[in-house]
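Beneath this line is the structure, given in C-alpha cells, with notes to follow.
The values are calculated or read from the model by the stated rules, or taken from the named source; none is laboratory data. Please read these numbers as outputs of a predicted model, since none were measured by experiment. Positions of Cβ are backbone-derived with ideal geometry, glycine not excepted, and every protein chain shown enters the neighbour counts.
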There are 4 protein chains.
Amino acid sequence: MKIRVLVSLKPGVLDPQGRAVHHALEGLGFKGVEDVRIGRTVELDVADGTSDEALDEMCRKLLANTVIENYRIEKVG
Amino acid sequence: MKIRVLVSLKPGVLDPQGRAVHHALEGLGFKGVEDVRIGRTVELDVADGTSDEALDEMCRKLLANTVIENYRIEKVG
Amino acid sequence: MKIRVLVSLKPGVLDPQGRAVHHALEGLGFKGVEDVRIGRTVELDVADGTSDEALDEMCRKLLANTVIENYRIEKVG
Amino acid sequence: MKIRVLVSLKPGVLDPQGRAVHHALEGLGFKGVEDVRIGRTVELDVADGTSDEALDEMCRKLLANTVIENYRIEKVG
C-alpha cells in the first residue's frame, strides 16, 4: 500500500525557504499570497497490513525531527 | 484558501535521498518496504478566488523544475 | 564574486535525514562512519565589492533560520 | 576525519529553489545578485584512512544522482 508522510516545520518555527518563495511570488506579481511554508514528503510503498504503529515508529525514528517538525501520515492507495 | 503543492521527482529519475531512507528503514528492521521517494511540499495560503491558472503558473515558474519533477496541486481548506 | 553559504542544523538539533544516510551507509557495508549531518548550500554570484555586512544580512533575513541553524559564508572565487 | 560532500544540480538543470531565493533577494533590495543555486551538503565523520575510492563510491551509490547532480568531496579536518 502507498503511504505519504508529510513533514513540516512546526507553526512557530521560522522557515527561510518558505519566506524566499513568498517574496519571489510577490516579485513575480502574484497577488494575495498570505503565507508559504516548505515541507518534505516521504512516499513509501509498504506491505499491505503494515500497522499504524510501525508507520508511526518509522516517522519518529527516521523521517521527522519531532522537536521542530510535525508529521502526518496519509494512505494514498 | 489553503493550497498544497506536492513536488516529486519524475518516476524515472533516481532519488538518492529516497534510497538512503529505504536502506535505513531496512537497517532498522522495518520489513516490506518496497520503495521510498522523497519530495517537497509548498503550502500556500492564497486569496480566495485565486484561479487554477495562476496556481499552475506559480508552479511552472517558481515551484517545480518540470523537466525532472512532477507537481500536483491540492486544495486543503 | 562567488559566495557559498553553508547552512547546517545546530549541533544539538536532531537531523533525521542525516541519520537515514548514516544507517544506509552502514547497510551498504561502509565501515567507520561516525556521524552524518545534512545541510544545504546557497551558491551566489554577487557583484564584486558586496560587503560582508550585506552578505550577513542576506543570511539572517532569508537563507537561514538562526534559531536552529548555523551558517558560514565562504568566498569561492 | 571530517569530510564534506557538496552536491549541486548540474549547470544546465533548472533550479526553482535557487530562482526563488534570487527573486526574494531582489525583492528585499539586495543589488547585484547575478545567480543563485541551491545545493546540499553531507558532512561525514569517517574513520581516518578511509580511501578516496570508498568516499567516491558512497557519493555515487547514495549521496548524489549523478545524472542531474555533480558532487565534490572536501576534507575539512
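Filter region A:3-31 down to the residues that are assigned to a helix (DSSP H, G or I) and surrounded by fewer than 19 Cβ atoms within 10 Å (Cβ to Cβ), then identify the one that is nearest to the chain's Cα centre (by Cα). Explain how you work it out, then say what you get.
First, pick out the residues of region A:3-31 that are assigned to a helix (DSSP H, G or I): A:16-27.
From what's left, surrounded by fewer than 19 Cβ atoms within 10 Å (Cβ to Cβ): A:26-27.
Details: A:GLU26: 23, A:GLY27: 25 Å.
Result: A:GLU26.
Looking at (1) touching a Gly at 6+ places or on another chain (Cβ under 8 Å); (2) at pLDDT below 95, which is the only condition A:VAL36 fails?
Of the numbered conditions (1) touching a Gly at 6+ places or on another chain (Cβ under 8 Å); (2) at pLDDT below 95, the odd one out for A:VAL36 is (2).
Taking into account only those residues within region A:60-77 that are hydrophobic (A, V, I, L, M, F, W, C), in contact (Cβ under 8 Å) with a residue 12 or more places away in the chain and within 11 Å of chain B (Cβ to nearest Cβ), which is surrounded by the fewest Cβ atoms within 10 Å (Cβ to Cβ)? If you could, list the steps in order and put the result at the bottom.
Residues of region A:60-77 hydrophobic (A, V, I, L, M, F, W, C): A:62-64, A:67-68, A:73, A:76.
Now restrict to residues that are in contact (Cβ under 8 Å) with a residue 12 or more places away in the chain: A:63-64, A:68, A:73, A:76.
Checking the rest, the ones that are also within 11 Å of chain B (Cβ to nearest Cβ) come to A:63, A:76.
Working: A:LEU63: 27, A:VAL76: 9.
Only one residue fits best here, namely A:VAL76.
On the basis of being over 30 Å from B:LEU28 (Cβ atoms) and assigned to a helix (DSSP H, G or I), does C:ALA54 make the cut?
Numbers: over 30 Å from B:LEU28 (Cβ atoms): yes; assigned to a helix (DSSP H, G or I): yes.
In short, yes.
Check region B:34-47 and report whether any residue there is in a strand (DSSP E or B), under 18 Å from A:ALA64 (Cβ atoms), within 12 Å of the chain's Cα centre (by Cα) and polar (S, T, N, Q).
Yes; the residues of region B:34-47 include at least one that is in a strand (DSSP E or B), under 18 Å from A:ALA64 (Cβ atoms), within 12 Å of the chain's Cα centre (by Cα) and polar (S, T, N, Q).
Restricting to region C:12-48, what's the tally of residues that are in contact (Cβ under 8 Å) with a residue 40 or more places away in the chain and more than 10 Å from chain D (Cβ to nearest Cβ)?
Residues in region C:12-48 being in contact (Cβ under 8 Å) with a residue 40 or more places away in the chain and more than 10 Å from chain D (Cβ to nearest Cβ): 1 in total.
Does D:ALA54 fit the bill of being under 17 Å from C:VAL36 (Cα atoms) and among the small types (Gly, Ala, Ser)? Walk me through how you get there before you give the answer.
Numbers: under 17 Å from C:VAL36 (Cα atoms): yes; among the small types (Gly, Ala, Ser): yes.
It is true that D:ALA54 is under 17 Å from C:VAL36 (Cα atoms) and among the small types (Gly, Ala, Ser).
Scanning region A:32-59 for residues that are more than 16 Å from B:GLU43 (Cβ to Cβ) and touching a Lys or Arg at 6+ places or on another chain (Cβ under 6 Å), which turns out surrounded by the fewest Cβ atoms within 10 Å (Cβ to Cβ)?
The qualifying residue surrounded by the fewest Cβ atoms within 10 Å (Cβ to Cβ) is A:ASP45.
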